[in-house]
Amino acid sequence: MISKRLAKRTSGISSFHVMELLRRAKELEVLGRDVIHMEIGESDFASPQPVVDAGLKHIRTGEVKYTPAAGLPELREKIAGFYRQRYGVTVDPARIFVTPGASGAFLLALGATLNPGEEVLMADPCYPCNSNFVHLFDGSARTVPVDAGSRYQLTAELIRQHWTPATKGALIASPSNPTGTMITAQELKSAIEAVSDLGGCFYSDEIYHGLEYGEKASTALAYSQDVFVINSFSKYFGMTGWRVGWLVVPDEFVGAVEKLAQNIFISTPAHSQYAALAAFDEDTLKELERRRAEFAARRDFLYENLLRLGFVIPSKPEGAFYIYANCSRFSNDSFKFAQDFLEAEAVAITPGKDFGSHEAHHYLRFAYTVSIDRMAVAMQRLEKFINCKVK
């Protein structure tokens, strides 16, 4: 029985199915099983040492106080400089807000734009929290089935096709979770123009920028200043637990977003912001590029082995650290496949149903966030498991 005191909006927010698998994986570890974790989107690399040193240095001062709600001015300047250096794009630091992770950035962007009953277009499959953030503001996530034909990305054509009078905007994530695919620069430009023509808001999820293994990802800011760009120090910069992200907003939203930031979280943790300053140091960036090369090698190893074992991968990932593989040769229920694989061989992977409904029962997400040596063991266990299933 549903409590009358429970907010109705919570019923529209989905649970992470992978958390059930993670809970069971932890139980198996307590029982002495050697579990290989390929389910969670968190790198096995430690935070870069300059980042750790900067965070500790600030903590030792004892002056771990509130910062301005929009973030440390010097960090906002550093982020603006990063856009100049990496993308050749000029961004006014006044439009940059430092947030508690990318999640905080989404809360600000949607809180400043979305009215109850309005829709946001997004791809299916996509990262589930994006839909849930929309539901939190009593909006509706209008998910659009995508496939390898569009590299699992929304296109200008799909945006125009699915736009309704209730649509507020469109969200594109590139590189994407769970597919690791990227939208081309021209398609990104066309999508932004389509949303602009329709009078909506364009939200660009760029949290996996930096983790590309070929052509570099394009920022939406290269094509328009009238966009919302969400980014984070969690993925490329390896700072998940520090909880620092940022949001770039159009000029007209600066005042509204600042009010929301003041009221929702007052400020992002000060020590994490001082740590993030060191993320742009030359030594840090060199280390991050070394790690990016390692991720590329991991991607190639996992991709080749999954294909060898009979999985179908319609689009080779170009970024992030995931492979979204079709397992229909072995099962029509990817969630049960993931459960059974964990029990039998102690390898944790994510079922497709966490990322939407479009053919989700045929797909599994493998995160290459563990070493090649550990993945080699995981592939041996996977081969044993599927050989038993086929028999």
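Quick check: net charge around ALA348, other residues with Cβ under 9 Å of its Cβ, Lys/Arg +1 and Asp/Glu -1?
0
Tally Lys/Arg at +1 and Asp/Glu at -1 over every other residue whose Cβ is under 13 Å from the Cβ of PRO165; what's the total?
So the surrounding residues net to 0.
For the pair GLN380 and GLU193, how long in nm is the line joining their label points, each one 7 Å along Cα→Cβ?
The two pseudo-label positions are separated by 5.4 nm.
Roll a 1.4 Å probe over the protein chains and send me the accessible area per residue for the range 28-161 in Å². Display every interim value, and only then the final one.
On the way: 5850 Å² over 134 residues.
In whole numbers, the range 28-161 has 44 Å² accessible per residue.
For a quick check: with amide H placed at 1.01 Å from N, whose amide H comes under 5 Å from SER176's, ignoring anything fewer than 5 positions away on the same chain?
Residues meeting the criterion, in which the H sits 1.01 Å from N, are THR181.
Please report the net charge: other residues with Cβ closer than 11 Å to the Cβ of ILE372, K and R +1, D and E -1.
With Lys, Arg at +1 and Asp, Glu at -1, the neighbours total 0.
For CYS201, which sequence-distant residues (separation of 5 or more, or a different chain) have an amide H within less than 5 Å of its own amide H, given hydrogens modelled in the peptide plane?
Close amide H contacts, sequence-distant or interchain: GLY169, ALA170.
With Cα extents along the principal axes in Å as the read-out, I listed [x] 63, 58, 53; [y] 67, 52, 43; [z] 63, 53, 49; which label goes with the value calculated from this structure?
[z]
Quick check: residue separation of SER103 and ALA7 times 0.36 nm, minus the Cα distance between them. What number comes out in nm?
Roughly 32.5 nm would be gained on extension.
May I ask you to give the solvent-accessible area per residue for the range 199-295, in square angstrom, as obtained with a 1.4 angstrom probe?
Working: 3480 Å² over 97 residues.
Per-residue value: 36 Å².
Using modelled amide H (1.01 Å from N, peptide plane; none on Pro or chain starts), what sits under 5 Å from the amide H of ARG142, excluding residues fewer than 5 places away?
Result for ARG142 returns VAL120, LEU121, MET122.
What are the lysines whose alpha-carbon lies under 26 Å from the alpha-carbon of LYS4, with same-chain residues fewer than 8 places away excluded?
Within the straight-line cut-off, LYS4 pairs with nothing.
For the range 88-195, rounded, prolate or oblate, judged on the Cα gyration tensor with a ≥ b ≥ c (square roots of eigenvalues), a/c < 1.5 rounded, else prolate if a/b > b/c?
Note, shape of the range 88-195 comes out rounded.
At a 10 angstrom cut-off on C-beta neighbours, averaged per residue, how do the peptides 195-204, 80-89 rank from highest to lowest? Mind showing how you got there, number by number?
On the way: 195-204: 20.1, 80-89: 15.0.
Packing proxy ranking, top to bottom: 195-204, 80-89.
Could you give the length gained by full extension between ALA297 and VAL52, i.e. 0.36 nm per residue of separation minus their alpha carbon distance, to one decimal place?
Length gained, ALA297 through VAL52: 85.6 nm.
Once phi is turned into θ = phi - 60°, what whole-Hz ³J(HN,Hα) does the Karplus curve with 6.51, -1.76 and 1.60 give for every residue of the range 116-124, x standing for Gly and Pro?
x, x, 7, 10, 10, 7, 7, 6, 10
How much of the accessible area of the range 84-228, in percent, comes from carbon and sulfur atoms when a 1.4 Å probe is used?
Details: 2460 of 5030 Å².
Answer for the range 84-228 is 49 percent, counting heavy atoms of protein chains only.
Mind ranking 133-139, 19-25, 275-281 by how tightly packed they are, going by the mean number of other C-beta atoms within 10 angstrom, highest first?
On the way: 133-139: 19.7, 19-25: 16.1, 275-281: 21.3.
In decreasing order of mean packing, 133-139, 19-25, 275-281 become 275-281, 133-139, 19-25.
Once you order the gyration tensor axes a ≥ b ≥ c over the Cα atoms, which shape class does the range 217-316 get: rounded for a/c under 1.5, otherwise prolate or oblate by comparing a/b with b/c?
It is prolate, given that a/c is not under 1.5 and a/b is the larger ratio.
Sorted by packing (mean other beta-carbon atoms within 10 Å per residue), highest first, where do 311-319, 180-188 land?
In decreasing order of mean packing, 311-319, 180-188 become 180-188, 311-319.
What helices in the chain pass both tests, a Cα length along the helix axis of 20 Å or more and a mean Kyte hydropathy of 0.0 or higher, using whole DSSP H runs?
Sorted by number, the helices that extend far enough and score high enough are 372-390.
Please list 3J(HN,Hα) in residue order for the range 234-241, calculated via the Karplus relation 6.51 cos²θ - 1.76 cosθ + 1.60 where θ = phi - 60°; whole Hz, with x for glycine and proline.
For the range 234-241, the Karplus curve yields 6, 8, 4, 7, x, 10, 3, x Hz.
Using a Cα-Cα cut-off of under 21 Å, which lysines could be cross-linked to LYS384, ignoring same-chain neighbours fewer than 8 residues away?
In chain and number order, the partners are LYS336.
The values are calculated or read from the model by the stated rules, or taken from the named source; none is laboratory data. For clarity, every value in this text was computed on a predicted model and none was experimentally measured. FYI the Cβ positions are ideal-geometry reconstructions off the backbone, even for glycines, and counts take in every protein chain you see. Areas reflect the complete protein model, heavy atoms only, side chains present, ligands, DNA and RNA absent. Shrake-Rupley method; radii C 1.70, N 1.55, O 1.52, S 1.80 Å.
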